[in-house]
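See structure below.
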Amino acid sequence: MRKLFRRNEDGQAMLEFALVLPIFLLILCGIIDFGWLFYNQLALNNICREGARYAVVNTAADHSTDDIVHHIDNYIESTYTLGDVNVSVTYTKPNDPVGGDVVVAANKEFRYLTPVISTVTGKPSRPLVAEVIMKVES
């Protein structure tokens with residue numbers, strides 16, 4: 001009598017796996033993309049902070065920003081693997097930067113690693129921006 005009421009459960013685990021797999025992959029790809037996004041944003045913040053610190057310490061009489069941008073480019077190449085980063089350095093008092101502020105800004109076009117988030121947002125990339133302002137002292 002027990003054999004009559006016993007059901008065939010072959011394939012149950014495969015069906016459950018097929019139902020859970022898309023959700024699991026969506027969560028996994030989201031974790032990967034957001035982790036990569038946060039890494040890139042923190043790297044941009046550190047790049048700006050390092051550039052501003054270098055500018056504050058090494059502001060010379062000629063007020064040239066080329067040396068600061070060159071230092072930032074070397075820092076990016078030696079520390080991070082970010083690719084193309086646009087960096088700008090400006091002084092709030094361009095004629096006499098001592099006593100004013102230095103503004104270091106960086107931006108980068110961030111591309112997602114997996115196609116999941118770009119499918120959800122409808123865009124394959126997004127801009128990342130960072131900016132640091134520090135007081136230039138003698």
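Roll a 1.4 angstrom probe over the protein heavy atoms and tell me the percent of accessible area of the chain that is carbon or sulfur. Show your work: numbers first, answer last.
Details: 5720 of 9630 Å².
For the chain, the apolar C and S fraction of the accessible surface comes to 59 percent.
Between ALA13 and PHE34, what FRET efficiency comes out of the Förster formula 1/(1 + (r/R0)^6) with R0 = 30 Å and r the beta carbon distance, rounded to 0.05? Write down the numbers at each step before the final one.
Values: r = 31 Å, r/R0 = 1.02.
That gives a FRET efficiency of 0.45.
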Mind pulling up the Rg/Rh value for region 52-138? Radius of gyration and Kirkwood radius, both on Cα. 1.12
Could you tell me how many degrees, from 0 to 90 and to the nearest 10, lie between the Cα long axis of helix 66-79 and the main elongation axis, the longest principal axis, of the Cα atoms of the chain? 30
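If you roll a 1.4 Å probe over the heavy atoms of the protein chains, what accessible area per residue do you get for the chain, in Å²?
Result: 70 Å² of accessible area for each residue.
Extension gain VAL69-LEU21, at 0.36 nm per residue separation less the Cα-Cα distance, in nm? Walk me through the intermediate numbers first.
On the way: separation 48, 0.36 × 48 = 17.28 nm, distance 4.70 nm.
Gain in length upon complete extension: 12.6 nm.
From the helices alone, meaning DSSP H stretches of at least four residues, give me the mean residue ellipticity at 222 nm for the chain, per-run term -39500 (n - 2.57), in deg cm²/dmol to the nearest 500.
Working: 4 runs with 71 residues, N = 138.
Mean residue ellipticity, 222 nm, calculated: -17500 deg cm²/dmol.
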Per 10 angstrom bin, beginning at 0 and ending with the bin that holds the maximum distance, the Cα pairs of region 3-112 fall in percents of 12, 29, 18, 12, 9, 7, 6, 4, 2, 0
Relative to the longest principal axis of the C-alpha atoms of the chain, give the angle of the C-alpha long axis of helix 12-57, reported between 0 and 90° and rounded to the nearest 10°. 10
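The values are calculated or read from the model by the stated rules, or taken from the named source; none is laboratory data. The structure presented is a predicted model; accordingly, all values stated were derived computationally and were not measured. With ideal geometry, Cβ positions are generated from the backbone for all residues, glycine too; neighbour counts draw on all protein chains shown. In case anyone asks, the SASA skips ligands and DNA or RNA and just uses the protein heavy atoms, side chains included. Shrake-Rupley method; radii C 1.70, N 1.55, O 1.52, S 1.80 Å.
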